[in-house]
1. Name the residue that is nearest to residue 52 (Cα to Cα), counting only residues in segment 161-194 that are part of a loop (DSSP other than H, G, I, E, B) and at pLDDT 90 or above.
2. Considering only residues of segment 84-103 that are within 19 Å of residue 119 (Cα to Cα) and either out of contact with any helix residue (DSSP H, G or I) (no Cβ under 9 Å at 6 or more places or on another chain) or modelled with pLDDT under 85 (or both), which is surrounded by the fewest Cβ atoms within 10 Å (Cβ to Cβ)?
3. Taking residue 35 and the conditions (1) modelled with pLDDT under 85; (2) buried (at least 23 other Cβ atoms within 10 Å of the Cβ); (3) not in a helix (DSSP H, G or I), which numbered condition does it fall short on, given that it satisfies the others?
4. Give the number of residues within segment 119-129 that are over 16 Å from the mean Cα position of the chain (by Cα) and in contact (Cβ under 8 Å) with a residue 12 or more places away in the chain.
5. Mind checking whether some residue in segment 45-64 is under 30 Å from residue 314 (Cα atoms), in contact with a helix residue (DSSP H, G or I) (Cβ under 6 Å, 6 or more places away or on another chain) and assigned to a loop (DSSP other than H, G, I, E, B)?
6. Take the residues of segment 154-169 that are within 17 Å of residue 280 (Cβ to Cβ) and surrounded by fewer than 16 Cβ atoms within 10 Å (Cβ to Cβ): which is nearest to the chain's Cα centre (by Cα)?
7. Are any residues in segment 1-24 assigned to a helix (DSSP H, G or I), within 19 Å of residue 108 (Cα to Cα) and modelled with pLDDT under 85, and if so, which ones?
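The values are calculated or read from the model by the stated rules, or taken from the named source; none is laboratory data. The shown structure was predicted, so the numbers you read here are calculated from the model rather than taken from an experiment. Backbone-built Cβ (ideal geometry, glycine too); neighbour counts: all protein chains shown.
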């Protein structure tokens, strides 16, 4: 089978997996708090930002749609092969099971190994772990010291009519977060294409991503969305606005720190975990032990995804060598 076929299949599988898994971790609170709106309105909003980010990055970076995130990830000497299609396929299965696995580790680790740069795994792991710690700590500090009274007020008035200006604030914070997430995670999709993406491939990618995003929006998030809605008051547009802004700021800081890809999933889980722990200290109807169980469950799933990523990254080349020499 020609290399181009594997590129297309890998790209499409990775695109759907990333849209269905990681993007919901970015847009999940937005979908939760806007579930009363037509899905296509939300889809048009998200797709317009996707289009701007992709085109801007492609033009400014001389055809690099991944914003330099793939500079340390050369294409394998033999090109994209069947083994590179396996990680996004595994990600599809894990997504259907509602596992918040990191697409960064699952997809990019194999390219790092087959491209002759296995050390990138350690760099991604360190940056991602630091991202979790920073997100977790930031959320705890902000929700305990800055947003405590505000969170209590949101919780008390969660059934009340919300002022319309919160809608504007939330859509603005979501747009900011969505753009920062795309800059980080587009590498997980475009890793299957040439590092300088031809215009025809870019058009193909845009059409595929917009269509897939429409399907996910139509489903209002699918299985991964349950992780978001299980957290305290995430369907409240005001709480969602604050979560999105914090998430976006953390991603912005790490984007400026280095071009090495990181797991946005770990940042996402860190923010939700820190917020849940903070809320459990002052909201009467939240249980600290239940919060701990939820946080550990999410972390356990993310760790399981990391293990799968490492096994695939080092096991698939060995399997290919064993079977085909």
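1. Restricting to residues being part of a loop (DSSP other than H, G, I, E, B) and at pLDDT 90 or above, the top hit is 186.
2. Ranking the qualifying residues of segment 84-103, first place goes to 103.
3. If we test residue 35 against (1) modelled with pLDDT under 85; (2) buried (at least 23 other Cβ atoms within 10 Å of the Cβ); (3) not in a helix (DSSP H, G or I), just (2) comes out false.
4. The total comes to 3.
5. The answer is no; no qualifying residue exists.
6. Ranking the qualifying residues of segment 154-169, first place goes to 158.
7. 3, 4, 17, 18, 19, 20, 22, 23
Listed here are the residues, each with its yes/no results for (1) in contact with a strand residue (DSSP E or B) (Cβ under 8 Å, 6 or more places away or on another chain); (2) at pLDDT 90 or above; (3) in a helix (DSSP H, G or I); (4) surrounded by fewer than 18 Cβ atoms within 10 Å (Cβ to Cβ).
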site	(1), (2), (3), (4)
197	no, yes, no, no
201	no, yes, yes, no
208	no, yes, yes, yes
216	no, no, yes, no
221	no, no, no, no
227	no, no, yes, no
244	no, no, yes, no
262	no, yes, no, no
